[in-house]
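Have a look at the structure below before the remarks.
Read-outs: derived from the displayed coordinates by stated rules, not from any lab. Source: prediction; values computed, not measured. Positions of Cβ are backbone-derived with ideal geometry, glycine not excepted, and every protein chain shown enters the neighbour counts.
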Amino acid sequence: MVTSLPRETKTGGCTACLCFIRAKIDKILMIYMGNLLTSDRIIFLLVIFLPLFASFANAEESKKLVTFDYAIADTLAALQQPPLAMAGLAQYRRLYQEPLLPDTRELGNRFQPNFEYLASLEPDVIMISPPAHLNLEGKLSDIADVIKISLFGKNLNIWQSLEQLTKEVGELNGQQQQAQILIDSVDARLSLIATQIERPANPLLIVEIRDDRHVRVYGSGSLEDAVLTRLGLENAWQGSTNGWGFSTLSIPEAFRLEGQKVVLHPFYTQDQDLTSTLPTSGLWQHWLDGTALSINRNYWPWGGFPSALRFAESLVEALEEPTTP
């Protein structure tokens, strides 16, 4: 679901010039249309004006986009239109374990950005994904248009939300065709993986051990579950989940679970400490029983299509690795 707050449209000299030229072209076309056009005249008009209209498309300036959401940043980068600036850029790079978005400006903490610096960049659009950052909407709307795109939550189809996100982001800079190509390429890649992936004997249990007493299990509404569905794999967790697609269980509850365990690490924290390792406590080691698969999570759990592909590729590698019973 996409909503935006309207602001006064900004026009520059270049845009005004283009409008003037287009008006002149429209006037000439009307003069020709007043007569019966011969085939020679039609060809003449096409030869003269088609290159001009093509140049108009290239002359339009790309919008200066800012985002506070990593799924939106994923999508902008995949469309070769990286955001001008992003809040939480340093953490984004730590999550992906790569120096991504090298030309994007850092706005500071995702929830406490540098508003003065943001305003100085004069962005055209600021994109957020509710419910995150709704408390900042008032201040952000004083700086630029705010577009809100809801991706995760109860009663939302994650894959459809990501497709809609890709289309909406593509429309902002006239990249509708590129957006559809991205959607089709992701579908094609996952379809190929589905034909090649090692099929596990049991349903997969996607988990993240949070501490000595709790484990997070990903199910309906999560990016991981959506990828499993696209790959034709069964998720062992069919229990309830929250608006972010996971459920937190205690040790006794965890020991009642069945399925092939796939452990995501490092687990997500606000600080994103990448030095965290798999638990060493005896209870968790007994629960993992040496047969659990392990995935180094180098993606955002609530990210866009690039994150989905990273999880799929990592899952392929994990399923191909032999386990020691």
DSSP-loop GluC sites (Glu not before Pro) across region 58-126, with at most 13 other Cβ within 10 angstrom: 60, 61
If you take the beta carbon distance between residue 289 and residue 317 as r and set R0 to 22 Å, what does 1/(1 + (r/R0)^6) give as a FRET efficiency, to the nearest 0.05? 0.55
Give me the extension gain from residue 211 to residue 139: residue separation times 0.36 nm, minus the current Cα-Cα distance, reported in nm with one decimal. 22.3 nm
By average Cβ neighbour count within 10 Å, what is the ranking of 197-205, 224-232, 169-177 from highest down? 224-232, 169-177, 197-205
Segment residue 100-residue 114, extension gain: residue separation times 0.36 nm, minus the distance between their alpha carbons: 3.0 nm
Burial ordering of 124, 212, 69, fewest other beta-carbon atoms within 10 Å first: 212, 124, 69
